[in-house]
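Undergrad: Okay, here's the structure, questions in a sec.
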Amino acid sequence: MDLETRAIHVGQEPDPTTGAVIVPIYQTSTFRQPRVGEHLGYEYARTGNPTRTALQEVLASLEGAEQAVCFASGLAAEDAIFRLLSPGDHVVMANDVYGGTWRQISKVHQRFGIEVTAVDLADLDATAAAMRPETRYLWAETPSNPLLKILDLAGLAQIAHDNDAKLVADNTFATPYLQRPLELGADMVVHSTTKYLGGHSDVVGGAVCTDEGTAEELAFLQNAVGAVPGPFDAWLTLRGIKTLGVRMDRHCANAQVIAEALTEHPKVGLVAYPGLPDHPGHALAAQQMSGFGGMVSFRAAGGIDAAKTVAETTRLFFLAESLGGVESLIEHPGIMTHASVAGTELEVPDDLLRLSVGIESADDLLEDLLQALDR
Ligand code: PLP
């Protein structure tokens, strides 16, 4: 079955006893057991819950993974991946990952002996040179947040595997509808399902999609550490996933219109959107993705004050963190989402604005941005 069909049906058979077409929210913390030491598949909701199982099954199917393991947030999913490491292990990480990912490895896991090197993963030679015998993960995010850099996933998988390491790909921006890193050689795909997969800015969640053996280790952590999504969160994410394809088509179309219009505007400096022919990763994106996504970043020609004015005067683009919902958002990464990397090698330009282009009318969105740029 095609991805759009699987998004609606995999793991989501109608309930066998009632015929309910939609997977119920199994709002229960525990499950009655017929005999001591026997159960019907579920014992306790931290260990497993049928709504979460449905979500894990559909996510695994969409990414082409053997299994998926869901967590309470994208960062909880990343935490579980890092907990598979031991003191002395090393990670080579893209030098423009989501600020929270960098904060987690550098401020949390480093204290427990995990080492990290930030590298421009678009430079495959520099990446290969950064690998050490103790490197366990090569950590990529493509398109990256917020600079929308495109990384060569197949090339990175080769480098990781030549060095007995695993390629972890954060596929939050692209979603499996536009890009499937496991097909390109990645070993683990991590998601903030908070974003396009949930799609409606009403739930926080995360997932790792991977092979059975790794998933088993992650499921152990899911239960042993306990950062699990509740049944309602799993249900909201499941509902969002059903419309992933149609939403992504519209996000991509709107973002293309806006990116093209911004490049023409005198008050706009660089426009970063992989769908623009002069974006350095355009050809690679066209090859490894089936669309260019809904995120657009641009620099305000007038500097940080001009950037702040635009962010504070749009009406349809709400000034807010996060991304991937049906509504459009604008934010200032330097002060907002990426404040935690200020003063580090991951710092972003202070005149940069990031748009999460929603699925409203492209004309209305454009008019809103133009009036804010004219202030
Ligand atoms: N990865 C990317 C690319 C993100 O943008 C985010 C959040 O913004 C995360 C991971 C973290 O996910 P969460 O906020 O669900 O913990």
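The values are calculated or read from the model by the stated rules, or taken from the named source; none is laboratory data. Predicted model, so just to flag it, every value in this text is computed and none were measured. Note: ideal-geometry Cβ built from the backbone for every residue, glycine included; neighbour counts use all protein chains shown. The area values use the complete protein model at the heavy-atom level, side chains included, leaving out ligands, DNA and RNA. Shrake-Rupley method; radii C 1.70, N 1.55, O 1.52, S 1.80 Å.
Undergrad: It is to be established whether one or more residues within segment 116-130 are among the acidic types (Asp, Glu), assigned to a loop (DSSP other than H, G, I, E, B), open to solvent by 10 Å² or more (accessible area, probe 1.4 Å) and more than 23 Å from THR210 (Cβ to Cβ).
TA: yes
Undergrad: Which condition number does PHE220 fail, the rest of (1) touching a residue at least 24 places away in the same chain (Cβ under 8 Å); (2) open to solvent by 20 Å² or more (accessible area, probe 1.4 Å); (3) away from the ligand (no atom under 16 Å from the Cβ) being met?
TA: That leaves (1) as the condition not met.
Undergrad: Here are some conditions: (1) in a loop (DSSP other than H, G, I, E, B); (2) among the acidic types (Asp, Glu); (3) farther than 23 Å from GLY245 by Cβ. GLU312 meets all but one. Which one does it not meet?
TA: (1)
Undergrad: Take THR53 and decide whether it is out of contact with any Pro (no Cβ under 9 Å at 6 or more places or on another chain), open to solvent by less than 30 Å² (accessible area, probe 1.4 Å), hydroxyl-bearing (Ser, Thr, Tyr) and assigned by TED's automatic domain parsing to the domain that holds LEU148.
TA: Spelling it out, it is not the case that THR53 is out of contact with any Pro (no Cβ under 9 Å at 6 or more places or on another chain), open to solvent by less than 30 Å² (accessible area, probe 1.4 Å), hydroxyl-bearing (Ser, Thr, Tyr) and assigned by TED's automatic domain parsing to the domain that holds LEU148.
Undergrad: Of the conditions (1) under 23 Å from PHE298 (Cβ atoms); (2) within 16 Å of the ligand (Cβ to nearest atom); (3) out of contact with any Pro (no Cβ under 6 Å at 6 or more places or on another chain), ALA122 fails just one. Which one is it?
TA: Among (1) under 23 Å from PHE298 (Cβ atoms); (2) within 16 Å of the ligand (Cβ to nearest atom); (3) out of contact with any Pro (no Cβ under 6 Å at 6 or more places or on another chain), the lone unmet condition for ALA122 is (2).
Undergrad: Would you be able to say whether some residue in segment 83-93 is within 16 Å of the ligand (Cβ to nearest atom), touching a residue at least 12 places away in the same chain (Cβ under 8 Å) and open to solvent by less than 40 Å² (accessible area, probe 1.4 Å)?
TA: Yes, segment 83-93 contains a residue that is within 16 Å of the ligand (Cβ to nearest atom), touching a residue at least 12 places away in the same chain (Cβ under 8 Å) and open to solvent by less than 40 Å² (accessible area, probe 1.4 Å).
Undergrad: Quickly run through segment 173-187 and pick out the residues that are crowded, with 24+ Cβ neighbours inside 10 Å, more than 13 Å from the ligand (Cβ to nearest atom) and within 19 Å of PHE71 (Cα to Cα).
TA: Passing the criteria: only PRO176.
Undergrad: Give ASP152, ASP170 a once-over and let me know the one that is open to solvent by 10 Å² or more (accessible area, probe 1.4 Å), in contact with a Leu (Cβ under 8 Å, 6 or more places away or on another chain) and within 27 Å of VAL348 (Cα to Cα).
TA: Result of the check over ASP152, ASP170: ASP152.
Undergrad: I'd like the full set of residues that are within 14 Å of the ligand (Cβ to nearest atom) and of a type outside the set (A, V, I, L, M), limited to segment 160-172.
TA: The answer is ASP170, ASN171, THR172.
Undergrad: Have a look at ILE105, ILE150 and point out the one that is assigned to a loop (DSSP other than H, G, I, E, B) and within 16 Å of the ligand (Cβ to nearest atom).
TA: ILE150
Undergrad: Hey, another quick one. Condition (residue is part of a strand (DSSP E or B), out of contact with any helix residue (DSSP H, G or I) (no Cβ under 7 Å at 6 or more places or on another chain) and at pLDDT 95 or above) applied to segment 363-373: is it met by at least one residue?
TA: Within segment 363-373, not a single residue is part of a strand (DSSP E or B), out of contact with any helix residue (DSSP H, G or I) (no Cβ under 7 Å at 6 or more places or on another chain) and at pLDDT 95 or above.
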